[in-house]
Amino acid sequence: MTHDTRKFRNALGCFTTGVAVITAQLEGRPPIGITVNSFSSVSLDPPLVLWSLDRKSDTLPVFEAVTGFTVNVLREDHRDISNRLSKQGDHSLEGLALRTGACNGCPALEEALAHFECSVEARHEGGDHIIFIGRVLHFEYSEDGRPLLYHRGGYKGLAEGTP
C-alpha cells in the first residue's frame, strides 16, 4: 500500500494524545529532555510503558546508551516546556525545576502531573522510530491539575467542567 505521508500524519492527528517529556542523564553529561506524544501504557503486571523516538533525533545516542529514563506527564500550563524541548538541539533542562528520581537517578520535572521512573526493558525497531519499553520502578501523580493535550497539530484543553 502506498500512501501520502502528510495525509497519514493528518489522520493520526485525529487521535488526541497527552504530552510528556522523557528525561535522562548519561554519566558525566548534563541531563536532557525531549517532548513526545507517543507515551502509552503496555502492561499493568509487570508495569510497563512505551514511547518512541525518531531515528533522526539528536537525542538518540543518549537514549540508546542509558539504562533508565523518566516519563513526565505535562500539565496544561507547560506549553513552553513542551515547545522548548521539542526542538532539535535544544534539550537542556537548565532553568527547570528538577529533582532526582528515587529509583533510577534520572531527573524529573518537579511540577509534572505524573512521573514514571523506568529502567529500560527493551528497545525495538519500528520503521523510522525506535520504540522504548520501560519497566516502571516508581511513579507519582497529582490529583489536581489538567493535562496538556495535543490534537491535529496543536495544543488543546479539556472542556470546562471536565475533572
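Values quoted throughout were computed directly from the atomic coordinates according to the rules given, and no laboratory measurement underlies them. The shown structure was predicted, so the numbers you read here are calculated from the model rather than taken from an experiment. Quick reminder, even Gly has a Cβ in these numbers, built from the backbone with ideal geometry, and neighbours come from all protein chains shown.
Across q = 0.23, 0.27, 0.34 Å⁻¹, region 54-96 modelled as identical point scatterers on its alpha-carbon atoms has Debye log10 I(q)/I(0) values of -0.99, -1.19, -1.24, in the order of the q list. Taken one residue at a time, the phi angles of region 109-121 give Karplus couplings (6.51, -1.76, 1.60, θ = phi - 60°) of 6, 3, 9, 5, 5, 8, 10, 10, 7, 10, 9, 6, 8 Hz. Gly and Pro are set to x.
Of 11, 108, 97, the residue with the greatest mean-square motion in the GNM of the chain, using alpha carbon springs below 10 Å, is 11. Taking region 99-143 and a reference point 7 angstrom along Cα→Cβ of residue 45, the backbone N atoms nearer than 20 Å belong to 134-139. Near residue 13: Cβ cut-off under 15 Å, other residues only, Lys/Arg at +1 and Asp/Glu at -1. The net charge is +4.
Grab the DSSP H runs of the chain that are 4 residues or longer, score each as -39,500 (n - 2.57), total them, divide by all residues and round the 222 nm result to the nearest 500 deg cm²/dmol. Please report the intermediate quantities before stating the final value.
Working: 3 runs with 21 residues, N = 163.
Per the formula, -3000 deg cm²/dmol.
Classify region 5-153 from the C-alpha gyration tensor, please: rounded if a/c falls under 1.5, else prolate or oblate depending on whether a/b exceeds b/c. Note, shape of region 5-153 comes out rounded. Full extension of the chain between residue 110 and residue 83 yields a length gain of 8.0 nm, computed as 0.36 nm times the residue separation minus the alpha carbon distance. Extending 7 Å from the Cα toward the beta-carbon at both residue 138 and residue 58 defines two label points whose distance is 3.1 nm.
Tell me the relative contact order for region 5-153 as a rounded percent, counting alpha carbon contacts under 8 Å between residues six or more apart. Before the final figure, lay out the partial values.
Numbers: 322 pairs, mean separation 45.3, N = 149.
Relative contact order here is 30 percent.
Quick check on region 30-109: take the gyration tensor over C-alpha atoms, sort the square-rooted eigenvalues as a ≥ b ≥ c, and tell me if it's rounded (a/c under 1.5), prolate or oblate. Cα axes put region 30-109 in the rounded bin. For residue 156, give me every one of the lysines with a C-alpha distance below 25 angstrom, ignoring sequence neighbours fewer than eight places off in its own chain. Within the straight-line limit of under 25 Å, residue 156 reaches these lysines: 7, 87.
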